[in-house]
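*Asks:* Below is one structure. I have some questions about it.
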Amino acid sequence: MKNFTVSELIQNRKSVFPPLYIKKEIPKGIIEEMLENANRAPTHKLTQPWRFKVVRGEGKSRLGDFLALKYKELFSDTSFSERKYKKLKENPVLADTIIAIIMQRDVDESLPEWEEVAAVSMAVQNMWLTASAHNIGSYWSSPGLIKYANEFFDLKEGEKCLGFFYMGYYEAEIPTSKREAIATKVEWIEE
Ligand SMILES: Cc1cc2nc3c(=O)[nH]c(=O)nc-3n(C[C@H](O)[C@H](O)[C@H](O)COP(=O)(O)O)c2cc1C
């Protein structure tokens, strides 16, 4: 792995989507490194609300089948799209690994929920940057169907799925996405 400065690493991170993934296995050690780095995210009151379900092998097609069937069940009478059905079914299989992003709500509600969502998001950013440093493509997917994730995963009380982190090696050249200049989003208060 190349040594990146922190700014290079952050500025090169991007979303890479499953149709661009190639068939090349991600070593388990890299997934473990991503999870270790996720675990270093900051967390108010040390609630450490991030939980992950790592889906690989046959688990991927089971997840794709679940999402597609759930979509069909919910929308076959209304806005069903064959394209969306296919995408839900196939994307998990195109990925090498999918990590379900779960938030464990503190049972004592010692913090507002948003702080736990924020901590989980910081954990995801750590995973994303780690994947990026290894030239592994990834993205955070948050389909509406995640509210039914408890029908696929064994979720404990207070656990909520916030999305799926898809990943896979890729070969295509992908530019980073555009941002409005930071100056339009910042006010400096110096006096
Ligand atoms: C919380 C969160 C949820 C996201 N959900 C989706 C999603 O459901 N579908 C999608 O295509 N991209 C999703 N994304 C990825 C964004 O589309 C992507 O980050 C954005 O377009 C900027 O591109 P970049 O990541 O390459 O900088 C999500 C990103 C975040 C942070």
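The values are calculated or read from the model by the stated rules, or taken from the named source; none is laboratory data. Just so it is clear, the model here is predicted, and its values are computed rather than measured. Note: ideal-geometry Cβ built from the backbone for every residue, glycine included; neighbour counts use all protein chains shown. These accessible areas exclude ligands, DNA and RNA; they are computed on the full protein's heavy atoms, side chains included. Shrake-Rupley method; radii C 1.70, N 1.55, O 1.52, S 1.80 Å.
*Asks:* Considering Gly29, Gly64, Gly59, which residue is open to solvent by 40 Å² or more (accessible area, probe 1.4 Å) and of a type in the set (Gly, Ala, Ser)?
*Replies:* So the residue among Gly29, Gly64, Gly59 that is open to solvent by 40 Å² or more (accessible area, probe 1.4 Å) and of a type in the set (Gly, Ala, Ser) is Gly29.
*Asks:* Being surrounded by 13 or more Cβ atoms within 10 Å (Cβ to Cβ) and modelled with pLDDT under 95 narrows it down to one of Leu74, Leu35, so name that one.
*Replies:* Checking each option against the conditions leaves just Leu74.
*Asks:* Could you tell me whether region 108-126 includes any residue that is hydroxyl-bearing (Ser, Thr, Tyr), outside any helix (DSSP H, G or I) and in contact (Cβ under 8 Å) with a residue 60 or more places away in the chain?
*Replies:* Yes, some residue in region 108-126 is hydroxyl-bearing (Ser, Thr, Tyr), outside any helix (DSSP H, G or I) and in contact (Cβ under 8 Å) with a residue 60 or more places away in the chain.
*Asks:* Only residues that are touching a helix residue (DSSP H, G or I) at 6+ places or on another chain (Cβ under 6 Å), among the small types (Gly, Ala, Ser) and within 22 Å of Leu94 (Cβ to Cβ): list them for region 6-62, please.
*Replies:* Ser61
*Asks:* Taking Ser79 as the residue in question, decide whether it is open to solvent by 50 Å² or more (accessible area, probe 1.4 Å) and among the small types (Gly, Ala, Ser).
*Replies:* Yes: the conditions hold for Ser79.
*Asks:* For Ala118, work out the one condition from (1) within 13 Å of the chain's Cα centre (by Cα); (2) open to solvent by 20 Å² or more (accessible area, probe 1.4 Å); (3) not acidic (Asp, Glu) it doesn't fulfil.
*Replies:* Single failed check for Ala118: (1).
*Asks:* Among the numbered criteria (1) within 18 Å of Asp154 (Cα to Cα); (2) within 16 Å of the ligand (Cβ to nearest atom); (3) open to solvent by 40 Å² or more (accessible area, probe 1.4 Å), which one does Val107 miss?
*Replies:* (2)
*Asks:* Which residues, counting only those in region 138-174, are without any contact (Cβ under 8 Å) to a residue 40 or more places away in the chain, more than 14 Å from Leu63 (Cβ to Cβ) and open to solvent by 100 Å² or more (accessible area, probe 1.4 Å)?
*Replies:* Within region 138-174, Lys147, Glu173 meet the criteria.
*Asks:* Could you tell me which residue of region 3-22 is nearest to the ligand (Cβ to nearest atom), considering only residues that are free of Cβ contacts under 8 Å to residues at least 40 places away in the same chain and assigned to a loop (DSSP other than H, G, I, E, B)?
*Replies:* Ranking the candidates gives Thr5 first.
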